[in-house]
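These notes concern the structure reproduced below.
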Amino acid sequence: MHSATDIATASAQLSWPDAIYAQFRRVGIRQVGYVPDAGHSRLITLCQDDPAVTDVVLTTEEEGVGLVAGAALGGQRAALLMQSSGVGNCINMFSLLRNCGFGCLVLVTMRGEFGEFNPWQVPMGSITEDVLKLGLSHLPGGQRRGRRGYRRRRLRHGLRWQSPGRDLAVATADRPQAMDTMMLDRRDFVRALLTDRGDLLVVSGLGSATYDAAAAGDHPLNFYLWGAMGGTLMIGLGLALARPDRRVAVITGDGDFLMGLGSLATIGVKQPRNLAVVVLDNAHYGETGMQASATQSGIDPVAMALACRFKEACHVARIEDAGAVRLLLHSGEGPLLVHAQIKSEDTPRVLPLRDGHAIKERFIAALNG
C-alpha cells in the first residue's frame with residue numbers, strides 16, 4: 001500500500017500529464033470531459049485507456065460543466081480539460097456551480113500568452129484567469145450557519161416509434177389530423193409521466209419544465225434548474241453515467257433543448273441505456289414573451305435525435321399516450337427522446353425550491369438514503 005507522500009514523490013518524477021493522471025487516480029476521478037486539445041493529448045490518452053474512467057468528448061466546453069454537476073449528483077468525481085479559448089464559453093454555465101456549490105476541477109492549457117503566433121488567441125488568453133475567478137469562486141455565504149440539512153424495450157402501446165432509417169411519423173391514429181388540433185396540456189402530461197415514479201431520477205430544465213415537475217408533486221429526487229440554460233441534457237448524462245443502476249429522466253422545454261443541441265451528439269456517442277429525454281415543445285420561449293422558437297418553423301427534435309444515434313425517438317400529441325411514455329421512462333432502452341407537442345398557453349407557475357445548495361443536498365441525500 002503506497003502512502004499519499006509516496007504517490008506525490010513518484011508523480012514529481014513524471015511528465016506533467018502523467019503526474020496529473022496519477023492524481024486523478026489517487027482522488028478517484030471517474031469522468032473526464034474535454035474538447036480535443038493538443039496540449040492535453042497525453043492526458044486524454046491516459047484517461048481513454050483507463051477502464052475505470054469514462055471519457056466524454058464534448059462538442060463545446062460548457063457541456064462539461066453540466067457533466068460535472070450530474071456526475072456529482074450521482075456520487076462521482078469528474079474533471080474538465082480545456083484550452084484557454086474555451087473558458088469563455090463556460091461563463092453562463094458556471095452559475096450552476098456557484099449557485100449549487102458543486103466542486104469542479106478544470107485544467108486549462110494556455111494560449112494567447114507571450115510568443116503566441118495566432119493573434120486570435122490573445123483576447124481570451126489575456127483574461128482567462130479573471131474569467132475563471134468570476135465563474136468558479138465560492139458563493140458568498142454558501143456555508144451559512146442555520147442552513148437546514150436535507151437528510152432524508154422498446155414500447156409501442158399506441159405510439160409509432162421511430163428508429164434510424166424509418167420515415168418520420170407521429171402516432172398512427174393522429175396522422176390524418178391537423179397538428180394544431182393535437183396539443184397536450186403540459187401539466188396533465190407531466191403529472192401522468194411522474195405518477196407512481198418510484199425511484200426515478202428527474203432533472204428539469206429552467207422555467208416551465210421545472211414548474212411542471214413541481215406541480216406534479218415536489219420530490220427530493222427532482223433536481224430543479226433555475227438557470228444554466230442549455231445544460232439540462234448534460235446534467236442528465238453525467239448523472240446517468242454515474243448511476244447506471246438508476247433510471248434518469250430529463251424533462252425540459254424546446255428553448256433549453258435548442259440551446260444545447262450539441263449535447264445530442266455527446267449523448268449519442270456515450271449511449272447511456274438508462275437516460276430518457278422529454279422535450280416539452282410549445283414552439284415558443286414562454287419565459288420571455290412567447291417569441292417563436294425554431295421548432296415552430298419545422299425544426300424536428302426527433303429527426304435530430306435519431307441522427308445522433310438515439311435508440312428510439314417519437315412525437316407525442318395525445319394524453320392517451322402518456323402511459324406508454326411513462327413506461328418508457330422506466331424500462332425503455334436509452335438513449336431515447338420523446339418530443340411532446342404542448343399547447344402554447346400561459347400556465348400558472350408552481351415554484352419549487354430556488355436555493356441551489358438545498359436542491360443539490362436534498363437530491364444527494366435522497367439518492368444515497
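The values are calculated or read from the model by the stated rules, or taken from the named source; none is laboratory data. Note that this is a predicted model, so its numbers are computed, not measured. All Cβ positions, glycine included, derive from the backbone under ideal geometry; neighbour counts span all protein chains shown. Ligands, DNA and RNA are excluded from the accessible area calculation, which covers all protein heavy atoms including side chains. Shrake-Rupley method; radii C 1.70, N 1.55, O 1.52, S 1.80 Å.
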Hey, Ser331 hits all of (1) more than 24 Å from Gly207 (Cβ to Cβ); (2) open to solvent by less than 20 Å² (accessible area, probe 1.4 Å); (3) of a type in the set (Ser, Thr, Tyr) but one; which does it fall short on?
(2)
For Met182, the lone unmet condition from (1) farther than 26 Å from Thr59 by Cβ; (2) open to solvent by less than 30 Å² (accessible area, probe 1.4 Å); (3) at pLDDT 95 or above is (3)
Considering only residues of the stretch 187-217 that are surrounded by fewer than 19 Cβ atoms within 10 Å (Cβ to Cβ) and in contact with a Leu (Cβ under 8 Å, 6 or more places away or on another chain), which is farthest from Leu275 (Cα to Cα)?
Gly217
Leu306 passes all but one of the listed conditions (1) under 22 Å from Arg243 (Cα atoms); (2) among the aliphatic types (A, V, I, L, M); (3) open to solvent by 10 Å² or more (accessible area, probe 1.4 Å); the exception is number (1)
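This table checks each residue for (1) within 21 Å of Val131 (Cβ to Cβ); (2) in contact with a His (Cβ under 7 Å, 6 or more places away or on another chain); (3) of a type in the set (S, T, N, Q).
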{"residue": "Val53", "(1), (2), (3)": "no, no, no"}
{"residue": "Gly64", "(1), (2), (3)": "yes, no, no"}
{"residue": "Leu73", "(1), (2), (3)": "no, no, no"}
{"residue": "Asn99", "(1), (2), (3)": "yes, no, yes"}
For Pro244, the lone unmet condition from (1) crowded, with 18+ Cβ neighbours inside 10 Å; (2) in a loop (DSSP other than H, G, I, E, B) is (1)
Among (1) in contact with an Asp or Glu (Cβ under 9 Å, 6 or more places away or on another chain); (2) surrounded by fewer than 24 Cβ atoms within 10 Å (Cβ to Cβ), which single condition is Lys270 missing?
(1)
Every residue in the stretch 20-48 that is at pLDDT 95 or above, small (Gly, Ala, Ser) and surrounded by 15 or more Cβ atoms within 10 Å (Cβ to Cβ), please.
Ala22, Gly33
Could you check, for the stretch 247-258, whether at least one of its residues is open to solvent by 10 Å² or more (accessible area, probe 1.4 Å), out of contact with any strand residue (DSSP E or B) (no Cβ under 6 Å at 6 or more places or on another chain) and part of a loop (DSSP other than H, G, I, E, B)?
yes
Qualifying position, being at pLDDT below 95 and of a type in the set (Asp, Glu), among Asp256, Asp245:
Asp256
Assuming Ser263 fulfils every condition listed in (1) of a type outside the set (A, V, I, L, M, F, W, C); (2) touching an Asp or Glu at 6+ places or on another chain (Cβ under 7 Å); (3) within 18 Å of Leu351 (Cα to Cα) apart from one, which condition is it?
(3)
Quick one: would you say Asp254 is among the charged types (D, E, K, R) and within 22 Å of Glu345 (Cα to Cα)?
yes
So which residues in the stretch 83-111 are over 29 Å from Asp355 (Cβ atoms) and crowded, with 19+ Cβ neighbours inside 10 Å, if there are any at all?
Gln83, Ser84, Ser85, Gly86, Val108, Arg111
Look at the stretch 16-60 and say how many of its residues are hydrophobic (A, V, I, L, M, F, W, C) and assigned to a helix (DSSP H, G or I).
11
Report yes if some residue within the stretch 287-309 is touching a Cys at 6+ places or on another chain (Cβ under 9 Å) and either closer than 25 Å to Val56 by Cβ or not polar (S, T, N, Q) (or both); otherwise report no.
yes
Residue within the stretch 139-155 that is within 22 Å of Ala313 (Cβ to Cβ), at pLDDT below 90 and not in a loop (DSSP other than H, G, I, E, B) present:
no
